Amino acid sequence: MKAVIVNTDHSLTTQEVATPIPDQKEILIKVQCAGVNRADLMQRRGFYPPPPGASKILGLECAGTVESVGSSCKRYQVGDTVCALLSGGGYSEYVTVDEGSVLPIPAGFSFEEAASLPEVFATAWLNLFDEGALKKKSTVLIHAGASGVGTAAIQLCRAFDSRACVTVGSQFKLKKCLELGAVDGSVRTAPDFWDRLESFTSSSGYDVILDPVGGAYLEKNLSLLNPKGRLIIIGLMSGSKANVNLSQLLMKRIRIIGSTLRNRSLSRKASLMNRLEKEVWPRFVSGELVPVVEAIYSFSQAQEAHQLMESNETVGKIILSKET
Ligand SMILES: NC(=O)c1ccc[n+]([C@@H]2O[C@H](COP(=O)([O-])OP(=O)(O)OC[C@H]3O[C@@H](n4cnc5c(N)ncnc54)[C@H](OP(=O)(O)O)[C@@H]3O)[C@@H](O)[C@H]2O)c1
């Protein structure tokens, strides 16, 4: 089969590789589309190796058609159209995946739209509700609100009756986040960036902060949380080091939680996908939640797709699609 391969100079090319063989609990998907994620950029640069046993090929989510099923698989049949959360391997013609990480494509969705859902909605759900213990009527701060994960998190907050404030890189992105359901936001280059985030809660603080930025934001995040607030760190885009006064942590009984989705167990991923199917998938069908796709490239243009993501100009997802 053909797959997008990372060369030693970190460039991407399409090459012929062996087609994976599903084990008894796995499904072989003929990939039509794959989502591009920030993690792919890091893996390409050698900073985010796949977990043990995972495909070394890039790609954490896909949509396509079931090509074959392992002997213990119960749910899917050859020819079903599905999307899947992957530990790797999405940038290829075929990928194997545990049956529990696979969901049907929401009714009426294209392959491109379906491929934009698994990684960001699973990440947003896991970290807002499971790690962040988000309750109705909460106030949430979502950093990088226009990112793939951010656009999913904003919509989940709105759908589940919480107020989301975002941070973004431009007024254009802020407008897009407000259209998706954010209640307010702040542009990270503005001189009053942090003041605006503080005034949004009338200085009472946020219940949950979803943060992919890391080091540079840690101290300010602690000061913006309310007593018993939760800071969920899901990325380190500004770096992993921080110099922080821990007194707020004690006085406000704050919890700081670090979280990655990719290296969770298959059973944990299956229970997460199950929750998404029950709580989130019907809201796609009703139109309450929408896929946010910024751009679609062919697999042979994967390098250009990565360059677009690196530009920090995107709102939502970039998708790779098979040439027809
Ligand atoms: N832990 C997990 O399980 C998990 C899973 C998925 C994703 N993630 C993380 O979530 C983040 C978003 O991923 P994605 O694929 O949705 O990304 P994305 O769509 O590429 O969006 C990333 C955005 O982050 C902002 N940004 C970039 N560098 C920044 C910096 N130094 N400081 C502040 N903001 C910065 C930029 O938006 P603005 O210019 O508008 O700020 C950029 O467009 C990444 O850090 C990723 O690693 C974590």
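The values are calculated or read from the model by the stated rules, or taken from the named source; none is laboratory data. Keep in mind the model is a prediction, meaning the values are calculated, not measured. All Cβ positions, even for glycine, are placed from backbone atoms using ideal geometry, and neighbour counts span all protein chains on display.
Numbers below:
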item	result
Which numbered condition Val149 fails, given (1) surrounded by fewer than 24 Cβ atoms within 10 Å (Cβ to Cβ); (2) under 26 Å from Ser321 (Cα atoms); (3) touching a Ser or Thr at 6+ places or on another chain (Cβ under 8 Å)	(1)
Answer residue from the stretch 46-68, given it is more than 19 Å from Lys269 (Cα to Cα) and touching a strand residue (DSSP E or B) at 6+ places or on another chain (Cβ under 9 Å) and is surrounded by the fewest Cβ atoms within 10 Å (Cβ to Cβ) among those	Gly46
Hey, Arg275 among the charged types (D, E, K, R), assigned by TED's automatic domain parsing to the domain that holds Asp130 and away from the ligand (no atom under 15 Å from the Cβ) or not	no
Residue, farthest from Ile209 (Cα to Cα), within the stretch 166-185, restricted to residues that are over 18 Å from the mean Cα position of the chain (by Cα) and hydrophobic (A, V, I, L, M, F, W, C)	Phe172
Residue within the stretch 203-220 that is in contact with a Gly (Cβ under 8 Å, 6 or more places away or on another chain) and among the aromatic types (Phe, Trp, Tyr) present	yes
Strands (runs of 3 or more DSSP E) enclosed by the stretch 57-146 - at least 2 residues per element that are outside the structural domain of Ala295 (by TED's automatic domain parsing), within 16 Å of the ligand (Cβ to nearest atom) and touching a Gly at 6+ places or on another chain (Cβ under 9 Å)	139-142
Residue tally, condition of a type in the set (Ser, Thr, Tyr), farther than 30 Å from Lys25 by Cβ and assigned to a loop (DSSP other than H, G, I, E, B), over the stretch 259-291	0
Criterion: within 16 Å of the chain's Cα centre (by Cα), over 30 Å from Gly108 (Cα atoms) and in contact (Cβ under 8 Å) with a residue 12 or more places away in the chain - qualifying residue of Leu225, Leu218, Leu236	Leu236
Of all residues making up the stretch 152-175, the number that are in contact with a Gly (Cβ under 8 Å, 6 or more places away or on another chain) and more than 13 Å from Leu128 (Cα to Cα)	6
Residue match in the stretch 178-191 (condition: surrounded by 23 or more Cβ atoms within 10 Å (Cβ to Cβ), assigned to a loop (DSSP other than H, G, I, E, B) and modelled with pLDDT of 95 or more)	yes
Complete set of residues in the stretch 157-174 that are aliphatic (A, V, I, L, M) and buried (at least 24 other Cβ atoms within 10 Å of the Cβ)	Ala164, Val166, Val168
Neighbours by Cβ (under 7 Å, 6+ apart or cross-chain): first from the stretch 1-12, without any contact (Cβ under 8 Å) to a residue 40 or more places away in the chain; second surrounded by fewer than 18 Cβ atoms within 10 Å (Cβ to Cβ) and not in a strand (DSSP E or B)	His10/Arg45
Matching entry among Ile256, Ile232 (being farther than 20 Å from Phe160 by Cβ, touching a Leu at 6+ places or on another chain (Cβ under 6 Å) and not in a loop (DSSP other than H, G, I, E, B))	Ile256
Search result, residues across the stretch 13-42 that are free of Cβ contacts under 8 Å to residues at least 40 places away in the same chain and within 22 Å of the chain's Cα centre (by Cα)	Met42
Residue satisfying condition, being under 23 Å from Lys176 (Cα atoms) and not basic (Lys, Arg), within set Val244, Val280	Val280
Residue in the stretch 297-317 that is β-branched (Val, Ile, Thr), within 12 Å of the ligand (Cβ to nearest atom) and outside any loop (DSSP other than H, G, I, E, B) present	no
Contacts under 6 angstrom Cβ, first residue in the stretch 81-96 being on the phi > 0 side of the Ramachandran plot, partner surrounded by 24 or more Cβ atoms within 10 Å (Cβ to Cβ), 6 or more apart	Gly89/Gly59; Gly89/Val95
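So that you can scan it fast, the table gives a plain yes or no per residue for (1) loosely packed, with under 14 Cβ neighbours inside 10 Å; (2) in contact with a Ser or Thr (Cβ under 6 Å, 6 or more places away or on another chain):
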site: Trp194; (1), (2): no, no
site: Leu210; (1), (2): no, no
site: Ile234; (1), (2): no, yes
site: Val244; (1), (2): no, no
site: Arg253; (1), (2): yes, no
site: Ile257; (1), (2): no, no
site: Ser267; (1), (2): yes, no
site: Glu277; (1), (2): yes, no
